[in-house]
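S.K.: Dropping a structure here in structure tokens format, bear with me for questions.
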Amino acid sequence: MSSVPTTAAAHPAIASNGLSKWFGEGSARMTAVDQVALVAQFGEMVFIVGPSGSGKTTLLSMISGILRPDAGTVTINGQDIWSLSTDQLAELRLNSIGFVFQDYHLFARLTAAENVAIPLILQHHDWNDAIAQARQSLEVVGLKDRGDILPVKLSGGEQQRVAIARAIVGAPQILILDEPTASLDGDTGKMIIAFVKEKILNQQRCILIVTHDARINEYADRIIYMEDGRISEPTRAAL
Ligand SMILES: Nc1ncnc2c1ncn2[C@@H]1O[C@H](COP(=O)(O)OP(=O)(O)OP(=O)(O)O)[C@@H](O)[C@H]1O
Ligand SMILES: [Mg+2]
């Protein structure tokens, strides 16, 4: 619990209000996310836990600018992201938000370094510069010597670290991980989360993690529970 910010930032890293999403029409309509108000501060690693189908991925998708809400707002560092134009939102996602998908989403025919370089290429960095920065990012995740290797030759834990290296290469303020330990054995999963907390979390960054994995709860600064599209936060004493 050491990483709670000591100085208040001007804005919370993430804030949502009345955030809602429903799918289907008429009698088939179901509410996936129901008026969620949450706040996450810079310097915090916040977990969202809840049963399958409770709306966690839908919530993350709206917070990270991937899925447009049906109601409510999301602000990232004070910016109302869903009032931005498509181009502005794409730029914000590229510069401010790193997203790690459950199944890594690595390109099989690109090397680890090339995979990590993708966000920089999209930001129009020169190729050699992008690869050099990608190698630095791989070094941060402990894969300094694995840059020229194709994903298929990496272990699950190493592939996950490549995905994390790619999510942080542009130094985003917000890092979002959806089930980062789901495909990993218990020890590797714990190591990845401990590593993210120690090396990736800092006072200028906020990390949001969706997880089913109770073994990693000890690393959370705060745990938000989600059920039937709604969130609740237990008191500290109940944890
Ligand atoms: N594109 C979609 N179209 C229709 N229904 C959807 C869509 N995406 C999600 N849902 C529904 O919304 C609800 C919440 O789904 P979501 O994927 O957010 O849950 P989750 O908490 O991430 O589950 P899991 O832990 O299994 O990943 C589910 O009932 C799901 O079937
Ligand atoms: Mg999900």
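The values are calculated or read from the model by the stated rules, or taken from the named source; none is laboratory data. On a predicted model such as this, the values are computed, not experimentally measured, just so you know. Note that we place each Cβ from the backbone using ideal geometry, even for glycine, and neighbour counts take in every protein chain shown. For accessibility, only protein heavy atoms count, side chains too; no ligands or nucleic acids. Shrake-Rupley method; radii C 1.70, N 1.55, O 1.52, S 1.80 Å.
S.K.: So, in region 198-218, exactly how many residues are open to solvent by 50 Å² or more (accessible area, probe 1.4 Å) and either part of a strand (DSSP E or B) or away from ligand 1 (no atom under 13 Å from the Cβ) (or both)? Even if it seems obvious, please write down each step before you answer.
M.R.: Taking region 198-218 and keeping what is open to solvent by 50 Å² or more (accessible area, probe 1.4 Å), we get 198-199, 202-204, 212, 214-215, 218.
Filter again for either part of a strand (DSSP E or B) or away from ligand 1 (no atom under 13 Å from the Cβ) (or both), leaving 198-199, 202-204, 214-215, 218.
The number of residues fulfilling the criteria is 8.
Every residue, every condition in (1) of a type in the set (A, V, I, L, M); (2) part of a strand (DSSP E or B), yes or no:
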position	(1), (2)
THR31	no, yes
GLN35	no, yes
GLY53	no, no
THR57	no, no
SER61	no, no
ILE66	yes, no
THR73	no, yes
PHE99	no, yes
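S.K.: Do you know which residues across region 102-125 are farther than 14 Å from ARG161 by Cβ and either assigned to a helix (DSSP H, G or I) or in contact with a Ser or Thr (Cβ under 6 Å, 6 or more places away or on another chain) (or both)?
M.R.: Matches in region 102-125: GLU114, ALA117, ILE118, PRO119, LEU120, ILE121, LEU122.
S.K.: If you don't mind, another one. Taking region 174-190 on its own, how many of its residues are touching a residue at least 40 places away in the same chain (Cβ under 8 Å) and open to solvent by less than 40 Å² (accessible area, probe 1.4 Å)? Walk me through how you get there before you give the answer.
M.R.: We begin by selecting, within region 174-190, every residue touching a residue at least 40 places away in the same chain (Cβ under 8 Å); these are 174-180, 182-183.
Subsequent filtering for residues that are open to solvent by less than 40 Å² (accessible area, probe 1.4 Å) retains 174-180.
Counting residues in region 174-190 that are touching a residue at least 40 places away in the same chain (Cβ under 8 Å) and open to solvent by less than 40 Å² (accessible area, probe 1.4 Å) gives 7.
S.K.: Name every residue in region 136-156 that is modelled with pLDDT under 90 and either of a type in the set (D, E, K, R) or surrounded by 18 or more Cβ atoms within 10 Å (Cβ to Cβ) (or both), in order of residue number.
M.R.: VAL141
S.K.: In region 100-124, how many are of a type outside the set (A, V, I, L, M) and at pLDDT below 95? Talk me through it step by step, then tell me what you get.
M.R.: We begin by selecting, within region 100-124, every residue of a type outside the set (A, V, I, L, M); these are 101-105, 107, 109, 111, 114-115, 119, 123-124.
Adding the requirement that they be at pLDDT below 95 leaves 101-105, 119, 123-124.
Qualifying residue count for the region: 8.
S.K.: For region 104-124, state whether one or more residues are open to solvent by less than 30 Å² (accessible area, probe 1.4 Å) and closer than 28 Å to VAL33 by Cβ. Give the steps one after another, and end with the answer.
M.R.: First, pick out the residues of region 104-124 that are open to solvent by less than 30 Å² (accessible area, probe 1.4 Å): 104, 111-113, 115-117, 119-120.
Checking which are closer than 28 Å to VAL33 by Cβ leaves us with 104, 119.
Yes, region 104-124 contains a residue that is open to solvent by less than 30 Å² (accessible area, probe 1.4 Å) and closer than 28 Å to VAL33 by Cβ.
S.K.: Would you be able to say whether some residue in region 66-87 is within 16 Å of ligand 2 (Cβ to nearest atom) and open to solvent by less than 70 Å² (accessible area, probe 1.4 Å)?
M.R.: First, the residues of region 66-87 that are within 16 Å of ligand 2 (Cβ to nearest atom): 66-67.
If we keep only those that are open to solvent by less than 70 Å² (accessible area, probe 1.4 Å) as well, we get 67.
There is at least one residue in region 66-87 that is within 16 Å of ligand 2 (Cβ to nearest atom) and open to solvent by less than 70 Å² (accessible area, probe 1.4 Å).
S.K.: Evaluate the following for GLY55: is it under 23 Å from THR181 (Cα atoms), away from ligand 2 (no atom under 16 Å from the Cβ) and open to solvent by less than 20 Å² (accessible area, probe 1.4 Å)? Before you say what the answer is, go through the steps one by one.
M.R.: Details: under 23 Å from THR181 (Cα atoms): yes; away from ligand 2 (no atom under 16 Å from the Cβ): no; open to solvent by less than 20 Å² (accessible area, probe 1.4 Å): yes.
Considered against the rule, which asks whether it is under 23 Å from THR181 (Cα atoms), away from ligand 2 (no atom under 16 Å from the Cβ) and open to solvent by less than 20 Å² (accessible area, probe 1.4 Å), GLY55 comes out as no.
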